[in-house]
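Everything on this sheet refers to the single structure shown next.
The values are calculated or read from the model by the stated rules, or taken from the named source; none is laboratory data. Computed from a prediction, not measured in an experiment: that's the story for all the values here. Positions of Cβ are generated from backbone atoms using ideal geometry, with glycine treated the same way; all protein chains shown enter the neighbour counts. The accessibility values were calculated without ligands, DNA or RNA, using every heavy atom of the protein model including side chains. Shrake-Rupley method; radii C 1.70, N 1.55, O 1.52, S 1.80 Å.
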Amino acid sequence: MMANKSKYTVELIKGTGLVPETMTLLENYEGQDKNTFVKFILDNNILATSSERRAKDIVSRVFFKRYVDPDRAIVTRLKTIREKGLPLKQFKQLLYLYTARVDTVLRDFITKVLNPIVNEGKVILDDSTPKAFIEHLNDEEGLNWNEGNIRRVTSGLHKVLIDFDMLSKKNDITFDGISSFVFLYILHDLHFKGMSDKEVWEHPDWKLFFLDRYSVLDLIKEHSLRDGYIAQSSGDLLAITWNYKSMEEMINGLL
């Protein structure tokens, strides 16, 4: 089977979670274009512990790819949320969401491999599982990654899961549930992207947080009335009356 190879990259090698670096860049980003922002970061030694090449990679191939290129409103929202004091543990779930949205290796591992493991009630990830997934991906998608790349992508995958509190260094599965705010953020984000209520309900993003359609519906009902919308459901039908008119209004209303 030959798939679109471009959707699978080795970018996790460059990035992993990079939570402290992302927080620093969010504080300093004011809407500059990529080259201008890279120059600002280097001129002011903002990422002091990184080499010039590493700093360029972090800005261009991580920060911009995850939080600027998909939609420039993302950075503004994240800055507002951070300033309003969302706890770091919950904030990291948002960083994880945007990382998984642009990195298909991470997304596929979570949704196709880790999701079933968690839903089976297992609490430890076998050491061999990430590498087996990367090797399978390499073979099935015809990526032609050599052993060195396979090893580095596997290591990057493991590291990003630790960075985003999905795993411990001992491979314990440590994710303890989506936060209420992050659930409501995703719910409204999908809605404001123009999706129907059913498309929002059944969107693949929920699998990143180990939620099936029944769990999502339960959470939709749980937050109905008090958190910016009214939901009504019957069987496979779902209708939501949305009160907030924008993501900005939702963030300010809930934080």
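Overview of results
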| read-out | value |
| --- | --- |
| Cross-link partners of Lys170 among lysines (Cα-Cα below 18 Å; sequence separation of 8 or more within a chain) | Lys122, Lys131, Lys159 |
| Highest average packing first - 210-219, 101-110, Cβ atoms within 10 Å | 101-110, 210-219 |
| Value of relative contact order over the chain, rounded to a whole percent, pairs C-alpha under 8 Å and six or more apart | 23 percent |
| Dipole of segment 97-202, positive direction: furthest Cα of Ile186, Trp201, Phe164, with charges on the beta-carbon | Phe164 |
| Rounded to the nearest 20 debye, dipole of the chain from Cβ charges on Lys, Arg, Asp, Glu | 580 debye |
| Sorted largest first, extent of the chain alpha carbons per principal axis (Å) | 52, 43, 35 |
| In sequence order, calculated HN-Hα J values of segment 19-31 (Karplus, 6.51, -1.76, 1.60; Hz; x Gly/Pro) | 5, x, 5, 5, 4, 5, 5, 4, 5, 9, 7, 10, x |
| Apportionment of accessible area to carbon and sulfur, the chain, percent (1.4 Å) | 49 percent |
| Violating pairs (Cα-Cα greater than 24 angstrom) within the set Lys65/Lys92; Lys56/Lys84; Lys65/Lys89; Lys92/Lys193 | Lys56/Lys84 |
| Cα-based reach from Lys198 at 18 Å (exclusive), listing aspartates and glutamates while leaving out same-chain residues under 8 positions away | Asp189, Asp212, Asp218, Glu222, Asp236 |
| Length-normalised contact order for segment 1-76 - Cα pairs under 8 Å, 6+ apart - percent | 36 percent |
| Cα-based Rg of segment 1-109 normalised by 2.2 N^0.38 Å, two decimals | 1.09 |
| Per residue value of the accessible surface for the chain (all protein chains in place, 1.4 Å probe), Å² | 49 Å² |
